[in-house]
Amino acid sequence: MYLGLGSNLGDREANISRAIALIAEQAGTLVRQSALFYSEPWGFESENAFVNAVVCIHTTLTPHRLLRTTQRIERQMGKDSRHATQRTAGQADVYHDRPIDIDILLYDDITLHTPTLTIPHPHMNERPFVTVPLQEILKD
């Protein structure tokens, strides 16, 4: 199970480290972690560059339960739900600056498409800040 993390507000490196610790406490066992990857914002303009990482975890949570857990961690770390990715029928995603963002990238061999969760993550192959760290830690 692979999660993508990103932060472009505050102490970005510390935010990534704290998110990984909270994931390990609340979502599952940390198996592997990528190096940090620095990138420009994707899908919106900002003066704040991102720090990104990908982690592999072992979890017993269902995909939707994992989503609720990662969203709770985001809120614990100060992500304002008003500034979360917004999806509106017929409109493109709207992105904002954030202290932490946690995306479910892959969950075993599951393919899932619901109104709240799509696995594999629909944009991951378009984003070098996801593909590079993901390739670093993927199993053969």
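The values are calculated or read from the model by the stated rules, or taken from the named source; none is laboratory data. Just so it is clear, the structure is predicted and the values come from calculations on it, not from any experiment. Glycine gets a Cβ as well: all are built from the backbone with ideal geometry, and neighbour counts include every protein chain shown. Note: areas computed on protein heavy atoms with side chains; ligands, DNA, RNA excluded. Shrake-Rupley method; radii C 1.70, N 1.55, O 1.52, S 1.80 Å.
Of all residues in region 19-39, those being part of a strand (DSSP E or B), farther than 15 Å from Asp103 by Cα and of a type outside the set (D, E, K, R) number 6.
Say we look at region 33-56 and pick out the residues that are open to solvent by less than 80 Å² (accessible area, probe 1.4 Å), modelled with pLDDT of 95 or more and out of contact with any Phe, Trp or Tyr (no Cβ under 8 Å at 6 or more places or on another chain); which of these is nearest to Leu112 (Cα to Cα)? Of everything passing the filter in region 33-56, Ser34 is nearest to Leu112 (Cα to Cα). Filtering region 7-20 to residues that are open to solvent by 50 Å² or more (accessible area, probe 1.4 Å) and of a type in the set (A, V, I, L, M, F, W, C) leaves only Leu9.
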